[in-house]
Amino acid sequence: MVDKNQQVIDKTLEQEYKYGFTTDIDQTKFDPGLNEEVITKLSKIKNEPKWLLEWRLKAFKNWKKMSEPTWAKIEYEPIDYQALSYYAAPKQKKNDSLDDVDPEILETYNKLGISLDEQKRLEGVAVDAVFDSVSIATTFKDELAKHGIIFCSFSEAVHDHPELIKKYLGSVIPATDNYFAALNSAVFSDGSFVYIPKGVRCPMELSTYFRINATNTGQFERTLIVADEGSYVSYLEGCTAPMRDENQLHAACVELVAHKDATIKYSTIQNWYSGDKEGKGGIYNFVTKRGTCLGDNSKISWTQVETGSAITWKYPSVIMQGDNSVGEFYSVAVTKNKQQADTGTKMIHMGKNTKSTIITKGISAGEGQNTYRGGVKILKNAENAQNFSQCDSILIGDKCGAHTFPYIDVKNPSAKMEHEATTSSIGEDQLFYCNQRGIKLDDAVSMIVNGFCKEVFEELPMEFAVEAKQLIEVTLENSVG
Amino acid sequence: MINLIKKNSLEFFNANGLPSKKLENWKFTSSKNFKSFNKSSSSIKNQKIESDELSIVFVNGVLDKNSLKNFKFSDLLEVKNLDELNDKELLRCSENFLKESMFNLGISEFEHGSYLSFKRNSVIEEVINIKNYFFENGNNERVSSFNIFHINEGSEISIIEEDIKENHSIFNLKLNKFICENSTIFKYGKSFNDHSQTYSLSYNYYQIKKDVVLSVDSIITSSFFNKEFIEVDLNNSGSDAKINILNLGKDEQHIDNNILINHNAEHCTSFQHVRNVLDNKSTAVFNGKVIVAEGAQQTDSNQSNKNLLLSLESNAFSNPQLEIYADDVSCGHGSTTGALDENSIFYLRARGIDYSSAQKILIKAFAKEVIDDFSLSSLQDISEIALDSWING
């Protein structure tokens, strides 16, 4: 039995990463190195206004003073920030229509299963595709414009809607927030911008698809979503990268602002290349994501499925400022081979009757290390705040690890705070039960793991839920605990 | 041997100074008042102490050898000065404690530490009382102590420790090491119930061998500042460690429990249950951690921290952590914080019980769940009395 288990575990861990191809295209790329000049040059290429350049330089100045955080439970080779190139883009300029997009790039997205061709799309999802550092195309723009919704690349927004950018950029994640956020603020290249006007319910799912292609580059995108009073938006994010021997850095920032009665739902399926069996290569994913429930009765919900990246360092947070606001965090994180994930959330209750829910599911296989790190803060004025956290982990194999570090600070007695966590392997009895009913071992594992993750998958939009389920199935096929 | 250890510790403390809030273990506990205490100057003589045939007395952390004359089981007990010990293994303390600057300060300062060893197969059914008397020459003194308790194979020992202090401000830095050999049962209870403005900081290190049953029960009802580190090393299979702690906080009390359980071997179980009831401006910190090492299969571990906040200004910081490197384990933790349930109060009031009595009933019910888990029945009795007087007082 033991041998058989080992065999199937080994077989699983040999699964190839199917998005690991590269695309050959002409591209403009900066020489490696980071200094004021590079930032000025970057800003100039993007034709940015002066205030933004100053903002970047200020962030850079701060970044130089900061040191890389070491508290996370992850181990990695030190990153040489001077050896990275801070800008890479396909040679073509921004495309007005899809016909102008390099067919190679379109082909890449087709291979990834993301069709940018509006005619062919049936699902009604508007996509902003970011290839290396720049946004390639945004679909359904006109349709969305009819509702007054702004959905465009960050660079476009800087030119077309400077007042909004100026108002909200850095309002949730200040340029001095943390080491990686400061770096992102200094060198961010592109990203998406969404503005939903008052009372509008966004008629379709909005989505960004990130793809790292170039070698030796870092990807630094910035997403800003503003939902004005009474609006609703559901936003999806997906990511892949080619298989390369070296480690690539991805340091993104996502800022969400929800005004009174607004709801933002942000879903991520992160499937960056995770490195090979020996842990060679893979993406270092250092991401800062934070949302503010600015107005009363607003709601921000984060859902994430993390299966890729060699290193994941990510804590989507919600600051509940408005009374009766709601923060949610649903997460499934899978680590296999030598992947390490240190992920979780921070829920800060400031307003009265605020409510937060945290549900995380960690699955560790092979030599993967999976850490939940969460913070729940109930401040003095947050009367009747409620929090419920549940963090469960499954371990598959005897070399992996699962860790839970919840920080709970309560400063108001009317708060209700509950935290629960369990860690275990897949029960022999559960497997036996399934086997006995004629279900194969592999199917049983897949069934149990999917059942384990169900609470989170239910929160994903339909298209994503199917993808997530398949992703987990592929990742864990043939594993037995 | 001991002098070399002391010297190294002093160097460590001088290099690192008082712990800062940047350290994980001191994040919510300020060490800034520690500065106002000075090392206690000389030993105390001619103070009145009471002892009976079941008690072992320590005066300012130093074993009172006179008290052993009356001690009923002195033939089962072997006592040595720490200076006489040359066995590195006996003196070795937890790696984590060695990184703590206050622990190092204690090591460098203690005078006349004792090594108390219960002989093989000593089965003592009665509960032994350890009485810690604290006297002082002046105000603001820091008294450091370091004692080692060795429970040899096949023994069954129960101890209840209590502090007896005069109403002065004193800083009590207490270091203890407990070694439980194979097949021992060790029950250790603590009841701190003094009303003085004392600071208490203790480091307790438990080294557990094979098939040991360890239980640590503690109740603190009033101590101005109380921070306790507990570290348990489960080094061999088949052992069981249970920790039950009840803290009742009032006024500006600060209570901090720092618990680390290392599951280094398979088939061990551990259980932590910490409840805090906090009134006025009191603060409680719970820092619990379980580390299940690679290969420590069939571990069963549970952590539970529940905080009841009775006033607007009370604070609870809870940080239950799990680090697991083995797959065939069952580990869980839970933490809740909140006020008294309004529905329960309503239920009681609907039955003719007035508001304040209803509150008292619910507080008692909450606290009693821990007391019921105490493995020493005599500590249960002491605790119930202390609980009642806390609630009514």
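The values are calculated or read from the model by the stated rules, or taken from the named source; none is laboratory data. Just so it is clear, the structure is predicted and the values come from calculations on it, not from any experiment. Note that each Cβ is placed from the backbone with ideal geometry, even for glycine, and that neighbours are counted across all protein chains shown.
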> When B:Ala241 is evaluated against the numbered criteria (1) of a type in the set (Gly, Ala, Ser); (2) crowded, with 22+ Cβ neighbours inside 10 Å; (3) closer than 28 Å to B:Lys48 by Cβ, which criterion, by number, is the only one it fails?
Replying inline: (3)
> So, of the residues in segment B:51-63 that are crowded, with 18+ Cβ neighbours inside 10 Å and in a loop (DSSP other than H, G, I, E, B), which turns out to be farthest from the chain's Cα centre (by Cα)?
Replying inline: B:Ser51
> Looking at segment A:352-359, is at least one residue more than 22 Å from the chain's Cα centre (by Cα), of a type in the set (Ser, Thr, Tyr), modelled with pLDDT of 85 or more and more than 26 Å from A:Tyr284 (Cβ to Cβ)?
Replying inline: yes
> Listed residues A:Lys44, A:Lys65; which is more than 18 Å from A:Leu169 (Cα to Cα) and modelled with pLDDT of 85 or more?
Replying inline: A:Lys65
>> Can you pull out every residue in segment B:298-333 that is at the interface with chain A (Cβ under 7 Å from one of its Cβ atoms), under 15 Å from B:Ile259 (Cβ atoms) and surrounded by fewer than 24 Cβ atoms within 10 Å (Cβ to Cβ)?
In response: B:Phe317, B:Asn319, B:Gln321, B:Glu323
>> Being buried (at least 20 other Cβ atoms within 10 Å of the Cβ) and either more than 7 Å from chain B (Cβ to nearest Cβ) or under 17 Å from A:Thr354 (Cα atoms) (or both) is the filter here; which residues of segment A:401-422 pass it?
In response: A:Ile408, A:Asp409, A:Val410, A:Lys411, A:Asn412, A:Pro413, A:Ala415, A:Met417, A:His419
> Quick one: in segment B:347-385, which of the residues that are among the aromatic types (Phe, Trp, Tyr) and not in a loop (DSSP other than H, G, I, E, B) is surrounded by the most Cβ atoms within 10 Å (Cβ to Cβ)?
Replying inline: B:Phe366
> Does A:Ile363 qualify as being part of a strand (DSSP E or B), β-branched (Val, Ile, Thr) and in contact with a Leu (Cβ under 8 Å, 6 or more places away or on another chain)?
Replying inline: yes
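Taking strands (runs of 3 or more DSSP E) that fall entirely within segment B:66-177, which contain at least 1 residues that are touching a residue at least 24 places away in the same chain (Cβ under 8 Å) and more than 30 Å from B:His254 (Cα to Cα)? Steps first, answer last, please.
Numbers: elements: B:77-81, B:114-118, B:128-134, B:141-151, B:156-165.
Because the criterion is at least 1 residues that are touching a residue at least 24 places away in the same chain (Cβ under 8 Å) and more than 30 Å from B:His254 (Cα to Cα), the strands (runs of 3 or more DSSP E) in segment B:66-177 that meet it are B:77-81, B:114-118, B:141-151, B:156-165.
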> For B:Gly295, which of the numbered conditions (1) under 19 Å from B:Ile220 (Cβ atoms); (2) within 11 Å of another protein chain (Cβ to nearest Cβ) fails to hold?
Replying inline: (1)
>> Can you report the number of residues in segment B:102-137 which are in contact with a Lys or Arg (Cβ under 6 Å, 6 or more places away or on another chain) and of a type in the set (S, T, N, Q)?
In response: 1
> Quick one: which of A:Ser389, A:Ser364 is modelled with pLDDT under 90, under 20 Å from B:Val285 (Cβ atoms) and within 11 Å of chain B (Cβ to nearest Cβ)?
Replying inline: A:Ser389
>> Exactly one of these conditions fails for A:Glu37: (1) modelled with pLDDT of 65 or more; (2) surrounded by 12 or more Cβ atoms within 10 Å (Cβ to Cβ). Give me its number.
In response: (2)
> Can you spot a residue in segment B:198-219 that is part of a loop (DSSP other than H, G, I, E, B), of a type in the set (Ser, Thr, Tyr), within 25 Å of B:Phe171 (Cα to Cα) and not assigned by TED's automatic domain parsing to the domain that holds B:Ser378?
Replying inline: yes
> Is it the case that A:Ser331 is more than 30 Å from B:Ala326 (Cβ to Cβ), of a type in the set (Ser, Thr, Tyr), assigned to a strand (DSSP E or B) and under 15 Å from the mean Cα position of the chain (by Cα)?
Replying inline: no
